[in-house]
Structures are given as C-alpha cells and as structure tokens.
1. Quick check: is even one residue across the range 68-78 acidic (Asp, Glu) and touching a helix residue (DSSP H, G or I) at 6+ places or on another chain (Cβ under 6 Å)?
2. Which numbered condition trips up residue 34, out of (1) under 29 Å from residue 142 (Cα atoms); (2) in contact with a Leu (Cβ under 7 Å, 6 or more places away or on another chain)?
3. If a residue has to be at pLDDT 70 or above and on the phi > 0 side of the Ramachandran plot to count, how many in the range 234-264 make the cut?
4. Taking the options 194, 233, 224, name whichever one is touching a strand residue (DSSP E or B) at 6+ places or on another chain (Cβ under 9 Å), surrounded by 18 or more Cβ atoms within 10 Å (Cβ to Cβ) and without any contact (Cβ under 8 Å) to a residue 60 or more places away in the chain.
5. Of the residues in the range 73-103, how many are more than 23 Å from residue 62 (Cβ to Cβ) and in contact with a strand residue (DSSP E or B) (Cβ under 8 Å, 6 or more places away or on another chain)?
6. List, please: which pairs have Cβ atoms under 6 Å, are six or more places apart or on different chains, and start with a residue in the range 55-70 that is without any contact (Cβ under 8 Å) to a residue 40 or more places away in the chain and end with one that is of a type in the set (Lys, Arg)?
7. Output the qualifying pairs, or none if there are none: Cβ atoms under 6 angstrom, residues six or more apart or on different chains, first residue in the range 1-29 and outside any loop (DSSP other than H, G, I, E, B), second residue of a type in the set (Ser, Thr, Tyr) and modelled with pLDDT of 95 or more.
8. Looking at 165, 151 in this structure, which one is small (Gly, Ala, Ser), crowded, with 17+ Cβ neighbours inside 10 Å, under 26 Å from residue 275 (Cα atoms) and under 21 Å from the mean Cα position of the chain (by Cα)?
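The values are calculated or read from the model by the stated rules, or taken from the named source; none is laboratory data. Since this is a predicted model, take the numbers as computed values, not measurements. FYI the Cβ positions are ideal-geometry reconstructions off the backbone, even for glycines, and counts take in every protein chain you see.
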Amino acid sequence: MDGMAEAEVTESYSVSLSSLVKFLRLTEIFMPENKEGIMITCKDVNRPGLPFAGFFGSFESERIQIIGNAEHKYLLAIGDEKRAECLERFFSTKPICTVFTTDLYVFEEALRFAKKYDVPIVSTSETTSAFMAALIPKLNLELAPRIGRHGVFVEIYGEGVLILGESGIGKSETAIELVKRGHRLIADDLVEIKKPSAITLFASAPENIRNYIVLRGIGIVDVKRIFGMGAVKMTEKVDLIIKLEDWIQGKPYEQFGLDGDYTEIMGIKVPSLTIPVKPGRNLAIILEVAAMNNRQKKMGYDTAAELDKKLSENNEQ
C-alpha cells in the first residue's frame, strides 16, 4: 500500500448561516443585523428537549438547535408563564441558530427573546427527520477536514478519478482529451480533498480556479466556456487514484491486476494504479478503461480474480 505523506488536518472550517438558509430554502423569521457574519463551525445539531426541561449540562450553543413536534408540544403543555421562563433561559445561552420545522407556529415569547439576545430564528415546511437528513450531510461536507493535492480530478463514467504525477507528465492534456470524449473536469492543478465521513472522500477545485485548466504552450483555458456546462462538475467522490510516471524500462508494472494497490488519504484507503507514460500510449482511453474496471469491481465483478479462478480450475482438471 502506498501512502501520501500528510498530517491529520486539525484546522477548523466554517460555513455562513446565510448560505445554509439559501441552500435549504429556509424562511427567515428573525435575523440579527450582522446575519452575513454569522458562521456555523459545528457540524453537530441538537434538539433542545432537555434544555427546555432545565438541563444544560451538555448543551453547546455552537450547534444549530432544531425545534420539532415533540419540543413544540412540550412548550405548549407547560403553560404561558413557564414557557416564557423556559424560552428566555434557552435563548440567553445565545444558540447560533434555532430552526422550527414542519411549519410550526413560532411562539411570541420565542421571537421576543430571540430579538433580545440576537439569536436567528428560521423555519421550514420539512419534517424534522427530512430537514436533518438534508442539513447534516451539508454540514459534514462544508466543515469536513481537508487537504490540497497537486493534480487533476475528473469524472469518468461516474467515477471520480484523481490523476497525480510529476509536473509536465501530461495530466492536464489527458484531462482535456477526456473532456472531449464526454467526461467532466472538476479540478486542475490544485485539488481540494474533503473527508465528510470516516469512509468517504470528496474532491473539488478552489473557487478561484474552478473550471480552468492550464495547458503548456497555450495557457489558461476556460473549460466551461469552450466545451459547455456539461464538461465541468463542482465535486465528486474520490473513487480511484491514478499515478502517471515516465516509463522505466525493466520496471515490473502490474499486468494482471490481482494485487490491489491503495493510497491512504486522511486515513481512508483509495484504490490506486500506476500508469507508465511513453509516446504512443493513449492515456485517455487507458483511464476510461481503468475507471470502468474500478466501477465493475465495486459492483462485485473482478476480471483478474475471475480469470485466475478459471485458470486454477483448468490446472486442476
């Protein structure tokens, strides 16, 4: 197994509340004047049933607070005076944002104390479960630990392929050929890799260089403008890593594919291949076949293993 030298990423990231409101199509009930500066830094969310009951032992105000049917019915049941005390105690902790789901009525006391303590209140027509199912993956992706890698990232037949290699080996030229063949460019030169879960990596391009590719002798090319919207994509899962290197005569390159090689990125093993480069080799076609073969393996069919099994059976006869 090949490893990519790296340290565990500890830097924290943030996403603006405004972008979440837009992405999740939330309705603004109350927003402080500095709403553009409100940044979410915690990917965990909370349903404040225990805080409403008076227990704040493990309460974290950095979490988005979600009020669903259960919390709403509890607040209705405790009466006006106790509800006002409960909500003031809750909003005085200044949670980063409070969301009312299922188009639930926002209590007058909640709105009053939200304004007093500058706590955003938004609402959604989605059920609590459906809203959390959309919110949590979005937070995991936006706030995920990440690293940068010099390379090219393309989508080939639905597979996210990270192309690595020394400068001048032909990564960008191969990517352009793949785009011409109907595949999509995601990142060139600098690839930003995020780890939103313990088993998944996603890659994208930094916003300032998105959709651009650099070709030696030509310069910077805007792939979206030349080849159209269908030639680019924002992000994709990292399914396969292909390392291009100059052909070394006598080096024992893999011929059968029985020994699976992996590259470890942020603790996750990704299938990887080393492709030797020399004049006359059509790298675009080779990468297409590699992507299709990798996809086939994920679907449960390993050509090399199947052939080895047939050969073993013939030898036994």
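1. Yes, the range 68-78 has at least one match.
2. For residue 34, the exception is condition (2).
3. Final tally of qualifying residues: 0.
4. Details: 233 fails: without any contact (Cβ under 8 Å) to a residue 60 or more places away in the chain; 224 fails: surrounded by 18 or more Cβ atoms within 10 Å (Cβ to Cβ).
Answer to the selection: 194.
5. Residues that pass the stated criteria total 1.
6. Listed pairs, sorted by first residue: 61/94.
7. 27/123; 29/123
8. On the way: 165 fails: under 21 Å from the mean Cα position of the chain (by Cα).
Criteria check complete, one pass: 151.
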